[in-house]
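Please read the structure below before turning to the comments.
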Amino acid sequence: LRLLPQQTYLRAEMADGSALERKRNVLCCLITRILKAEQQLHIDNLVFRVIDACQKGEFGAGLQFLSFCCHSVDVLSCVLHLLNQGYLRRQEGRPQVLEY
């Protein structure tokens, strides 16, 4: 009979995973909200506006308790996710311009 310590690393991995999922959800919501308001936007401008909103803590009602670091790679990853899901599309002839 051997006594093993509890495996805390599994709980830590699950917590990290849920934090990343929350971050992705918040970024996707910000991207969607910005594009809904603008209808179309150059991808560089969209990335700037999302990062700016993250730095200012402008997540919207109910999400003001969140605080995390946001990088352009995170935003671009979420843009690709939303493009694959069909929430966003690129303009024909101008793929750098995104539409909601």
How much length is gained if the chain between residue 37 and residue 52 is pulled fully straight, taking 0.36 nm per residue apart and subtracting their Cα-Cα distance, in nm to one decimal?
3.8 nm
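Please give the length that would be gained between residue 44 and residue 76 if that part of the chain were fully extended, namely 0.36 nm times their separation in residues minus their C-alpha to C-alpha distance (nm, one decimal).
Working: separation 32, 0.36 × 32 = 11.52 nm, distance 0.96 nm.
Fully extending the segment from residue 44 to residue 76 adds 10.6 nm.
Any read-out appearing in this document is the output of simple, stated calculations on the displayed coordinates, not a laboratory observation. Computed from a prediction, not measured in an experiment: that's the story for all the values here.
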